[in-house]
1. In segment 44-79, which residue that is touching a residue at least 12 places away in the same chain (Cβ under 8 Å) and among the β-branched types (Val, Ile, Thr) is surrounded by the most Cβ atoms within 10 Å (Cβ to Cβ)?
2. Condition (residue is surrounded by fewer than 24 Cβ atoms within 10 Å (Cβ to Cβ), touching a Phe, Trp or Tyr at 6+ places or on another chain (Cβ under 6 Å) and among the charged types (D, E, K, R)) applied to segment 385-397: is it met by at least one residue?
3. Which one of the conditions (1) crowded, with 22+ Cβ neighbours inside 10 Å; (2) modelled with pLDDT of 95 or more does Leu23 fail to meet, given that it meets all the rest?
4. Do you know which residues across segment 419-437 are β-branched (Val, Ile, Thr) and free of Cβ contacts under 8 Å to residues at least 24 places away in the same chain?
5. Only one of Thr403, Thr423 is of a type in the set (Val, Ile, Thr) and over 18 Å from the mean Cα position of the chain (by Cα); which?
6. Of all residues in segment 221-253, count the ones that are surrounded by 15 or more Cβ atoms within 10 Å (Cβ to Cβ) and without any contact (Cβ under 8 Å) to a residue 24 or more places away in the chain.
7. Kindly indicate whether any position in segment 484-499 is at pLDDT 95 or above, in contact with a Leu (Cβ under 7 Å, 6 or more places away or on another chain) and not in a strand (DSSP E or B).
8. For Thr214, all conditions in the list (1) in a helix (DSSP H, G or I); (2) under 26 Å from Asp337 (Cβ atoms) hold save one; what is the number of the exception?
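The values are calculated or read from the model by the stated rules, or taken from the named source; none is laboratory data. Just so we're clear, the structure is a prediction, and the values are computed from it rather than from any experiment. Cβ: placed from backbone, ideal geometry, glycine included. Neighbour counts: every protein chain shown.
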Amino acid sequence: MAGMLHVLMLVVLLLSAQLALGLTVNVDLALNADGSLASLIDQYSNPVDAEFMCLSIEWNHLPEGFLLYAQGKPTGNLNTYSLNLIKNLAAGVKYQGSPTLRVGGNSATLMWWSRSTLLRPTTANLTVAPISLGLIDRIASATQSRVVPDISMLLQDPVAASEFVRDGILSNVNYKNLLAIELGNEPELWIKKAFRTGNWSYTTDYLTEFLSYTTRITNDVQTIPKTYFWGPAMSTNGNLTSFISSNQAAVSGLTFHRYALSGCTDDVRLVNVPLLLLDPQPNSYAFLKAAINLTNAEGALTGQDPKRLIAGEINSVSCGGADGVSNVFGAAIWGLDNFLTLANLNVYKVCVHGVQGDFKTNSTADHSYAPWVTDLHANVVHVRPVYYSMLLFNRIMGSANSTVRPLAFTIADSSGITNATATPNVKIWLVHTVSGYNVVILHKDLSLPAVNLVINAASIPFDTGFAVVERMTAPSVYSRTGITISGMSLDESSDGRPVGTWQPETIASADGGIYRITVNTGSVAVLYLGGSGPSSPIGMASSANERHSRIMPLVVLMVVGLITFI
């Protein structure tokens with residue numbers, strides 16, 4: 001069958017299908033989230049870059065995440081499984097971009113260049129050697145990604161940082177593989193962590209230090225562009241607006257960190273899946289509003305493009321994650337909703353933090369929020385739920401320059417639910433791609449049964465009367481494995497490429513562009529409208545897994561006699 005083009009998918013022609021018992025809502029694609037009339041040609045977000053998705057990894061976890069191990073030590077050989085996980089994400093946007101790799105975090109403050117000629121502070125307990133920088137270069141070359149090294153601002157004098165950029169980064173990483181250099185990490189915590197004395201001012205001294213760093217590096221290293229830096233890498237406790245207002249001319253990327261829940265506690269009342277699925281709340285990204293307005297105003301005043309807002313670190317639960325929350329399917333649903341939210345807020349790039357490895361016998365039991373964790377005894381990569389949200393997000397975008405906006409719904413029938421007064425935790429997004437329109441439905445309300453949606457797509461240009469549907473599902477929101485996107489998973493993959501039978505559905509519209517679909521509790525459905533449906537399985541092509549990555553043969557099921565009009 002090789003070389004033949006198969007149009008093979010599970011097709012269920014539902015002229016008007018009986019919906020499941022439960023809440024029924026109406027969705028009109030011609031309306032904004034506030035109920036006002038929308039024009040589908042308007043851009044409700046900036047065009048989303050093909051490299052929107054990004055991975056963040058600590059310096060000390062870099063070998064664990066990307067190298068094979070033997071007898072407890074890295075062999076120097078790249079782990080192709082990990083590389084393929086990155087390539088899957090690139091495939092989702094038709095290889096128009098590959099995820100950025102940001103290397104840093106807490107480890108950035110403590111790092112020290114192994115060949116430095118300067119006196120090493122006792123606090124700088126993490127050594128970065130040429131082999132580490134060479135590994136960054138190898139990963140970037142193998143995946144066509146670009147990297148952002150996050151470097152230390154532990155010393156108030158920038159001389160060590162300048163030395164590291166000149167003699168370390170630029171001597172060991174191909175310039176074409178570099179995207180930017182980030183300076184420091186979460187400066188609002190430096191006094192608390194004893195990196196600065198109590199009389200140091202976060203709002204004044206830090207801004208002066210940052211300027212001295214960019215000035216020194218660009219003066220010492222003439223090949224570095226004047227606007228090549230990311231910062232301030234602040235958490236939500238920081239003041240991003242004051243940093244922007246300080247007019248750091250060398251900064252092209254304004255970075256912030258956000259974790260939905262605090263994992264620095266054992267109180268399950270504060271860290272649990274139902275709470276995670278409530279995120280993002282309407283005010284979760286309120287701290288970005290002023291920053292977004294300021295960046296746009298700055299761009300208008302200078303006549304230049306506004307500086308780009310970047311989620312330099314994002315994940316479900318801080319302090320490494322929480323078992324039963326960060327490593328279960330609920331985190332995948334959370335991730336997709338947050339990625340769409342940030343894209344709609346015109347955030348340029350989102351870096352999911354935490355790729356790592358460990359020597360436990362069962363890495364699936366680890367509480368880490370990582371997109372993947374490698375069992376370094378067996379060199380087995382365990383893909384975590386949040387990776388699936390990254391995979392599906394890129395597939396929904398389809399390529400560069402898609403735009404995103406939220407959709408509203410009205411309740412048509414609440415007879416199937418116990419609390420008819422509560423607002424259902426169901427999120428709906430509309431993504432305008434270069435080939436059509438995608439409706440993303442996230443059923444996040446664990447108190448509700450399945451939700452029936454009646455979607456009015458009459459205003460969609462070039463509607464074919466059929467919608468391709470892909471679903472992201474698992475046995476429950478608490479499942480650690482068994483996650484699938486349209487029937488495909490990484491649980492049994494031998495090389496990091498999704499395996500299984502690709503099972504897209506096709507539903508037919510009725511009543512002039514009306515689509516009906518049921519979405520089960522704790523799951524996601526994507527309707528591809530206007531001819532935008534995918535034509536190939538999830539992730540990159542795999543000859544090694546060809547026997548696993550089958551496409552369900554064409555089945556046409558005519559539903560006759562069980563028709564219910566609503």
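1. The extreme case among them is Val48.
2. Checked segment 385-397: no residue is surrounded by fewer than 24 Cβ atoms within 10 Å (Cβ to Cβ), touching a Phe, Trp or Tyr at 6+ places or on another chain (Cβ under 6 Å) and among the charged types (D, E, K, R).
3. (2)
4. Selection gives Thr421, Thr423.
5. Thr423
6. 0
7. yes
8. So the condition that Thr214 fails would be (2).
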